[in-house]
Structure formats: structure tokens, C-alpha cells
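Take a look at the structure below.
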Amino acid sequence: MEQTDNIETPVQQPNKFSFATLSTIRKLMDDLHLDPILGLVAPGLGDWVTTILTVPYIVTSVFKLKSLSLTLAIIYNVLMDCLWGTVPVAGDFFDFLHRGFKKNCKLVEGFAAQDPKVMGEVKRKSVYFGIMIVILIALICISVYYVKMLWGYIIDFFTK
């Protein structure tokens, strides 16, 4: 008779390349402050670049760690950063304090290490993150609309 082990398969760990990539992005954007610098130098474009650089975090949470609650937490952090990024100048100062890449890196590392504190906190707040994502998307749309309208008034004022 053949004996089978009933060992529960652990969550798939991100490979070393994934961690190296996430860590490098975090160092560049948060430790070297490229996130707020890009926002100041190239308003709008800098915010889009920093948002695109969060894709590896989302890919890791969805395909490697396979956690919906972790993905919601990462998307929440990204959208919070996007919302503040729509506010000219003040959003760039927020980027110095928020450190969204560092937060997301810690979340991914906590899930990969199966840290019960990190996993419990994120899972407990997953419904909150889901609701806030919808609210943040609406607020970002409203903010972009009003900032665009404000810039239109400013341009009209100086061109007349």
C-alpha cells in the first residue's frame, strides 16, 4: 500500500528576482525620494510613472502570493498615493511622508513570510480596503476634474 503525505501546500513564495525587483523599486522611489521628485519635476507624468511602478507589487500579490486581501491593500495604498498626487505641490510633499512603496514592500514580505500579524491585519481590513478603493477612485476622478478646471482658469487668466 502506498503512503501519501497530507501536507498542506504553502502559499507560493515569490522568487528572489521578485523580491529583488520590489526592493529595488522601493529603494529608488522611497529611500532616494524619486517618487516626490518625479511629481515635482513632471507633474502628472511623474504620478503616472510611480503608479506604473506599483504593477510588480500587484502582480506578486495576485499571481505569486495569490491573496485577494493583500492585493486590495496594495491597490488601496496606490490609490491613496494617486489621490494625493492630484493635488499640485502638496501631493509631492505627501509623497515624502507616505512611503507607499515601503508599505507595499512590507506587506508583500509579511505575506511571503506568512507573518500572522501582517496577514491578520490585512485580512481583517480587506472589506474596508474594498470599499475605500471605490471611494478613492471616485475622489480621484473628482479631483482630476477640478484640478483640470483650475488649470483652465489659470491659463485663461494669463492668456487674456
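The values are calculated or read from the model by the stated rules, or taken from the named source; none is laboratory data. Since we're looking at a predicted model, the values are computed, not measured. Backbone-built Cβ (ideal geometry, glycine too); neighbour counts: all protein chains shown.
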First in the range 28-47 and touching a residue at least 24 places away in the same chain (Cβ under 8 Å) and part of a loop (DSSP other than H, G, I, E, B), second anywhere and surrounded by 15 or more Cβ atoms within 10 Å (Cβ to Cβ) and aromatic (Phe, Trp, Tyr), Cβ under 7 Å, 6 or more apart: none
Breaking point among (1) surrounded by 21 or more Cβ atoms within 10 Å (Cβ to Cβ); (2) more than 16 Å from Gly130 (Cα to Cα), for Phe94: (1)
Test result for Leu83, within 18 Å of Leu40 (Cα to Cα), assigned to a helix (DSSP H, G or I), within 15 Å of the chain's Cα centre (by Cα) and without any contact (Cβ under 8 Å) to a residue 12 or more places away in the chain: no
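For every residue, the table says whether it meets (1) in a helix (DSSP H, G or I); (2) touching a residue at least 24 places away in the same chain (Cβ under 8 Å); (3) closer than 25 Å to Asp30 by Cβ.
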site: Ile74; (1), (2), (3): yes, yes, yes
site: Pro88; (1), (2), (3): no, yes, yes
site: Asn104; (1), (2), (3): yes, yes, yes
site: Gly130; (1), (2), (3): yes, yes, no
site: Leu136; (1), (2), (3): yes, yes, yes
site: Phe157; (1), (2), (3): yes, no, no
Residue list for the range 35-65, restricted to those being polar (S, T, N, Q) and either surrounded by fewer than 20 Cβ atoms within 10 Å (Cβ to Cβ) or modelled with pLDDT under 90 (or both): Thr50, Thr51
Matching option when the condition is surrounded by fewer than 12 Cβ atoms within 10 Å (Cβ to Cβ), at pLDDT 90 or above and more than 12 Å from the chain's Cα centre (by Cα), among Leu68, Leu32: Leu32
Selected residue (only one of Leu107, Leu136, Leu79 is surrounded by 15 or more Cβ atoms within 10 Å (Cβ to Cβ), modelled with pLDDT of 90 or more and over 23 Å from Leu22 (Cα atoms)): Leu136
